[in-house]
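The values are calculated or read from the model by the stated rules, or taken from the named source; none is laboratory data. Quick caveat, the model's predicted, so the values are computed rather than measured. Every residue, glycine among them, receives a Cβ derived from its backbone with ideal geometry; neighbour counts consider all protein chains shown. Side chains are part of the model used for accessible areas, which takes the heavy atoms of the whole protein and leaves out ligands, DNA and RNA. Shrake-Rupley method; radii C 1.70, N 1.55, O 1.52, S 1.80 Å.
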Amino acid sequence: MAYYSRSSLEKMGFKFLGENVKISDKASIYDPELIEIGDNSRIDDFCVVSGNIKIGSYVHITPFCLLAGGEKGIVIEDFSALAYRVQVFTQSDDYSGETMTNSTVPQKYKHEFKSKVLLKRHVIVGAGSIIMPGVTVAEGCSIGALSLVLKSTMPWGIYVGSPAKRLKDRKKSLLQLEKKFLSEKLNDSI
């Protein structure tokens, strides 16, 4: 995988660009002036990232993901990860048949639902999962592969299915590992 150089990333005009950010030169970035990316985060090959998006530190977005931030926005907090082919949407057409759909139809004939999406700290979303508009994936949640997340979650749960439902609690041991990791990182920089 080849990544853009720091100078190439800076020329793109991101709203904010942290240290040690890696973005594949095969990723598609739209509206970089609306995108913030924290330290040590990475976006891999064939991802599409567009609209109002804020990515925290130590976030990994693996190949073929779609982040459609639109005007309402997506926030992905620290230490989160999106596995292959995860899709996150902040807007959706009305599928009821009461209005027309798709981007080629004028707005006055459509009814789109638009709402912010928030993925809190230590969230991991499994391959092929879809997060719909208005969802908050609470701190520490894991979303199983191929899940459809239509509703917000409660913290520290493992959610699976279509629609996603809470299967069981997720362990919090990783919080101690985070403290150790950050402590060692701080000591290494001194």
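ALA138: within 24 Å of GLY38 (Cα to Cα), open to solvent by 20 Å² or more (accessible area, probe 1.4 Å) and under 16 Å from the mean Cα position of the chain (by Cα), yes or no? Even if it seems obvious, please write down each step before you answer.
On the way: within 24 Å of GLY38 (Cα to Cα): yes; open to solvent by 20 Å² or more (accessible area, probe 1.4 Å): no; under 16 Å from the mean Cα position of the chain (by Cα): yes.
Taking the combined requirement at face value, the residue does not satisfy it.
Residue by residue through region 1-47, note down the ones that are hydrophobic (A, V, I, L, M, F, W, C), surrounded by 15 or more Cβ atoms within 10 Å (Cβ to Cβ) and assigned to a strand (DSSP E or B). Give the steps one after another, and end with the answer.
Quick first cut of region 1-47, residues hydrophobic (A, V, I, L, M, F, W, C) only: 1-2, 9, 12, 14, 16-17, 21, 23, 27, 29, 34-35, 37, 43, 46-47.
Add one more test, that the residue is surrounded by 15 or more Cβ atoms within 10 Å (Cβ to Cβ), and what stays is 9, 14, 17, 21, 23, 27, 29, 34-35, 37, 43, 46-47.
Within region 1-47, LEU17, ILE23, ILE29, ILE35, ILE37, ILE43 meet the criteria.
Here is a check on your reading of the model: is TYR84 open to solvent by 50 Å² or more (accessible area, probe 1.4 Å), at pLDDT 95 or above, closer than 21 Å to MET132 by Cβ and in a loop (DSSP other than H, G, I, E, B)? If you could, list the steps in order and put the result at the bottom.
Numbers: open to solvent by 50 Å² or more (accessible area, probe 1.4 Å): yes; at pLDDT 95 or above: yes; closer than 21 Å to MET132 by Cβ: yes; in a loop (DSSP other than H, G, I, E, B): yes.
Spelling it out, TYR84 is indeed open to solvent by 50 Å² or more (accessible area, probe 1.4 Å), at pLDDT 95 or above, closer than 21 Å to MET132 by Cβ and in a loop (DSSP other than H, G, I, E, B).
In region 153-190, what count of residues is obtained for those that are touching a residue at least 40 places away in the same chain (Cβ under 8 Å) and of a type in the set (Asp, Glu)?
Step one: list which residues in region 153-190 are touching a residue at least 40 places away in the same chain (Cβ under 8 Å), which gives 174-175, 178.
Right, trim to of a type in the set (Asp, Glu) and you get 178.
Count: 1.
Going by the structure shown, is SER129 open to solvent by 70 Å² or more (accessible area, probe 1.4 Å) and of a type in the set (Gly, Ala, Ser)? Working first, answer last.
Numbers: open to solvent by 70 Å² or more (accessible area, probe 1.4 Å): no; of a type in the set (Gly, Ala, Ser): yes.
It is false that SER129 is open to solvent by 70 Å² or more (accessible area, probe 1.4 Å) and of a type in the set (Gly, Ala, Ser).
Name the residue, out of SER115, SER189, that is among the hydroxyl-bearing types (Ser, Thr, Tyr) and at pLDDT below 95.
Working: SER115 fails: at pLDDT below 95.
On inspection, the qualifying residue turns out to be SER189.
Evaluate region 116-126: report whether one residue or more is open to solvent by 30 Å² or more (accessible area, probe 1.4 Å), of a type in the set (Gly, Ala, Ser) and not in a strand (DSSP E or B).
no
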